[in-house]
Amino acid sequence: MQIDLKVLDARMAEYLPRYATPGSAGLDLRALLDEPVTIAPGETRLVRTGLAIHIANPGFAALILPRSGLGHKKGIVLGNLVGLIDSDYQGELMISTWNRGAEPFTLEPFERLAQLMVVPVVQPEFRVVDEFDASERGEGGFGSTGTR
Ligand SMILES: O=c1ccn([C@H]2C[C@H](O)[C@@H](COP(=O)(O)OP(=O)(O)OP(=O)(O)O)O2)c(=O)[nH]1
Ligand SMILES: [Mg+2]
């Protein structure tokens, strides 16, 4: 599959997203910054990537996810928890960067900050009914099958 990609800032041309290994699900996204930025504990900053994609096919979307190492060790995750990139979005990919940790974090220009995963999407039609066909679970939820 191919997805159109625009390089919105020439500095990103040498950092085009690529799969790090043959089995990678995600592509690292880098921070487009003029200089290092320090994000205080609790602070959220919208960080540019300098890239835009147009997925075009409504059967796909992309998710922006945290990088595990930054998230676990430094507390750098996403202010929206997960970013959803619609197939018709043509604007710049932006990373809502939340320092949920206890220490200030200095983000360096072009540092790998988050990752992008392309996923299949279905857009079902909704058929309004009065009753559902019976299922084993029925309406049980929120621990109804036990907690361990
Ligand atoms: O982390 C993110 C999340 C979203 N987007 C872009 C792509 C997405 O297609 C668009 C809209 O995102 P979403 O629908 O989640 O936000 P919204 O608050 O509902 O905005 P809108 O009214 O534009 O749909 O913003 C990003 O660049 N980064
Ligand atoms: Mg929306």
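The values are calculated or read from the model by the stated rules, or taken from the named source; none is laboratory data. Worth saying up front: this structure is predicted, and the values here are computed from it rather than measured. A quick note on method: Cβ atoms are made from the backbone with ideal geometry, for glycine too, and the neighbour counts reach across all protein chains shown. Note: areas computed on protein heavy atoms with side chains; ligands, DNA, RNA excluded. Shrake-Rupley method; radii C 1.70, N 1.55, O 1.52, S 1.80 Å.
Per-structure values
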item	result
Close pairs from the range 76-90: first closer than 15 Å to Leu46 by Cβ and among the small types (Gly, Ala, Ser), partner open to solvent by 20 Å² or more (accessible area, probe 1.4 Å) and within 6 Å of ligand 1 (Cβ to nearest atom), Cβ under 9 Å, at least 6 apart	Gly79/Ser96; Gly83/Met94; Gly83/Ser96
Checking Gly141 against (1) within 13 Å of ligand 1 (Cβ to nearest atom); (2) open to solvent by less than 40 Å² (accessible area, probe 1.4 Å); (3) in a loop (DSSP other than H, G, I, E, B), the condition it does not meet	(1)
Subset of the range 67-85 that is among the charged types (D, E, K, R) and touching an Asp or Glu at 6+ places or on another chain (Cβ under 8 Å) - its residue that is nearest to ligand 1 (Cβ to nearest atom)	Arg67
Subset tally (residues that are open to solvent by less than 40 Å² (accessible area, probe 1.4 Å) and more than 15 Å from the chain's Cα centre (by Cα)) for the range 25-39	4
Residue in the range 111-120 that is free of Cβ contacts under 8 Å to residues at least 60 places away in the same chain, in contact with a strand residue (DSSP E or B) (Cβ under 8 Å, 6 or more places away or on another chain) and surrounded by 13 or more Cβ atoms within 10 Å (Cβ to Cβ) present	no
Filtered residues of the range 76-93 (kept if farther than 19 Å from Thr38 by Cβ and surrounded by 15 or more Cβ atoms within 10 Å (Cβ to Cβ))	Gly83, Ile85, Ser87, Tyr89, Glu92, Leu93
Filter result for Arg127 (over 10 Å from the mean Cα position of the chain (by Cα) and basic (Lys, Arg))	yes
